[in-house]
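Down below is the structure, laid out as structure tokens.
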Amino acid sequence: MQNRRRFIQQVASATTFVSLGGLSLASCSRPISKKITVLHTNDVHSQIDPLPNNHYKYPGLGGFARRASIIEQVRTQNPNTVLLDAGDIFQGTPYFNYYGGEIEFKLMSKLKYDLATIGNHDFDNGIDGLLSQLPNATFNFVSANYDFTNTVLNDFVKPYKVLVKDGIRIGVFGLGVELEGLVNKNLYKETLYLNPIEIAQDMSRVLKEEEHCDIIICLSHIGYDYKTNPDKVSDLHLAKKTKDIDLIIGGHTHTLLPEPTVVDNSIGQKVLINQCGKSGIYMGQIDFYLDSTGNKTAEGRSVEV
């Protein structure tokens with residue numbers, strides 16, 4: 001009950017609207033006709049149960065059961081909700097060591113995840129190990145800059161997926177971190193890494209011009225920022241060097257953002273970037289509002305689970 005009260009209080013103190021697509025904040029006062037809610041997780045790392053009650057920072061928090069309760073509440077409030085994960089589903093507790101990812105995928109399926117992307121730790125049992133667990137997942141995987149052409153995953157992972165809620169077309173594509181030097185090549189085999197910024201530019205064009213998406217989301221496992229290596233590609237770089245992406249849901253660096261970072265893209269339009277730490281202690285919630293003329297605003301936060 002305390003967790004639910006905290007959640008309701010956080011929603012009640014929602015952040016300021018951000019106008020997307022280069023609109024002025026005045027657009028917020030126009031009648032809102034549709035609301036799309038995006039819930040998201042990242043770097044859950046096989047944390048099935050809540051953290052121990054003696055945990056140094058988050059005693060008793062997290063776990064799939066707590067998350068399920070919040071997801072159910074949000075879906076009751078807004079049936080037009082999508083649920084996404086930004087990778088590193090595997091590795092971190094004995095559940096993965098013993099079951100190899102079966103429990104994680106089955107529970108995510110119970111929670112009715114829509115899409116996930118692939119993180120570097122999702123290769124920890126090899127590409128064949130990942131493939132063997134896919135029958136336990138009722139949701140799809142997207143990754144646009146991992147070329148799986150010559151691997152067993154070629155027919156199972158698509159660059160993007162279009163979800164439709166209340167007539168609103170939501171385009172989601174995935175990006176992964178460079179695997180060389182991070183993951184043993186024997187694990188990812190012939191998977192090819194492609195430049196994420198170049199791929200994102202192409203994906204956003206396809207989703208906007210060919211798929212006619214109203215909202216474009218990047219599920220990113222490339223990392224939020226690298227202060228010690230500022231030239232390394234990150235979500236901040238991605239946002240600034242591309243256009244037409246409304247939201248970047250991040251992973252890999254375990255960055256906890258209380259509310260989304262807002263960045264100007266390559267043509268001066270606003271992009272939201274959000275990431276929710278690790279182990280499922282927090283879950284992101286982004287609410288998009290679209291009025292009858294197609295104008296778009298958004299607000300977001302990270303919700304304690």
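The values are calculated or read from the model by the stated rules, or taken from the named source; none is laboratory data. Since the structure is predicted, the reported quantities are computational estimates derived from the model, not experimental observations. Note that we place each Cβ from the backbone using ideal geometry, even for glycine, and neighbour counts take in every protein chain shown.
When you scan the range 126-175, how many residues do you find that are of a type in the set (S, T, N, Q) and within 15 Å of the chain's Cα centre (by Cα)? So the count comes out to 2.
Considering 133, 201, the condition of being over 27 Å from residue 266 (Cα atoms), at pLDDT 95 or above and not aromatic (Phe, Trp, Tyr) is satisfied by 133 alone.
In the range 127-143, which residues are within 19 Å of residue 40 (Cα to Cα) and either among the hydrophobic types (A, V, I, L, M, F, W, C) or in contact (Cβ under 8 Å) with a residue 40 or more places away in the chain (or both)? Break it down stepwise before answering.
Initially, the range 127-143 is screened for residues within 19 Å of residue 40 (Cα to Cα), giving 137-143.
Hits for the range 127-143 are 137, 139, 141, 142.
The condition of being in contact with a His (Cβ under 7 Å, 6 or more places away or on another chain) and of a type outside the set (Phe, Trp, Tyr) holds for only one of 251, 280, that being 251. Would you call residue 73 modelled with pLDDT of 95 or more, out of contact with any Lys or Arg (no Cβ under 8 Å at 6 or more places or on another chain), of a type outside the set (Val, Ile, Thr) and on the phi < 0 side of the Ramachandran plot? It is false that residue 73 is modelled with pLDDT of 95 or more, out of contact with any Lys or Arg (no Cβ under 8 Å at 6 or more places or on another chain), of a type outside the set (Val, Ile, Thr) and on the phi < 0 side of the Ramachandran plot. Evaluated against (1) at pLDDT 95 or above; (2) in contact with a helix residue (DSSP H, G or I) (Cβ under 6 Å, 6 or more places away or on another chain); (3) not polar (S, T, N, Q), residue 305 falls short on exactly one condition, (1).
Among the candidates 126, 101, the residue that is modelled with pLDDT of 95 or more, within 22 Å of residue 50 (Cα to Cα) and not polar (S, T, N, Q) is uniquely 101.
Could you list, in sequence order, all residues of the range 242-295 that are in contact with a Phe, Trp or Tyr (Cβ under 6 Å, 6 or more places away or on another chain) and among the small types (Gly, Ala, Ser)?
Step one: of the range 242-295, the residues in contact with a Phe, Trp or Tyr (Cβ under 6 Å, 6 or more places away or on another chain) are 250, 253, 255, 275-276, 281.
250 - this is the single residue of the range 242-295 that is in contact with a Phe, Trp or Tyr (Cβ under 6 Å, 6 or more places away or on another chain) and among the small types (Gly, Ala, Ser).
Selection within the range 152-177: residues that are without any contact (Cβ under 8 Å) to a residue 24 or more places away in the chain and not β-branched (Val, Ile, Thr). The member of this set that is nearest to residue 252 (Cα to Cα) is 158.
Listed here are the residues, each with its yes/no results for (1) part of a loop (DSSP other than H, G, I, E, B); (2) buried (at least 16 other Cβ atoms within 10 Å of the Cβ); (3) in contact with a helix residue (DSSP H, G or I) (Cβ under 6 Å, 6 or more places away or on another chain).
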position: 46; (1), (2), (3): yes, yes, yes
position: 53; (1), (2), (3): yes, no, no
position: 60; (1), (2), (3): yes, no, no
position: 72; (1), (2), (3): no, no, no
position: 79; (1), (2), (3): yes, no, no
position: 84; (1), (2), (3): no, yes, no
position: 88; (1), (2), (3): yes, yes, yes
position: 98; (1), (2), (3): no, no, no
position: 103; (1), (2), (3): no, yes, yes
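Conditions tested, residue by residue: (1) under 30 Å from residue 166 (Cα atoms); (2) modelled with pLDDT of 95 or more.
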| residue | (1), (2) |
| --- | --- |
| 231 | no, no |
| 267 | yes, yes |
| 285 | yes, yes |
| 288 | yes, yes |
| 291 | yes, no |
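Selection of first residues in the range 252-264 that are under 19 Å from residue 120 (Cβ atoms) and of second residues that are hydrophobic (A, V, I, L, M, F, W, C) and assigned to a loop (DSSP other than H, G, I, E, B), restricted to Cβ pairs under 7 Å at least 6 apart or on distinct chains, gives the following pairs, ordered by first then second residue: 252/177; 252/222. Can you say whether residue 293 is touching a residue at least 24 places away in the same chain (Cβ under 8 Å), among the β-branched types (Val, Ile, Thr), surrounded by fewer than 20 Cβ atoms within 10 Å (Cβ to Cβ) and assigned to a loop (DSSP other than H, G, I, E, B), as far as the supplied structure shows? Yes; evaluated as a whole, the condition is true for this residue.
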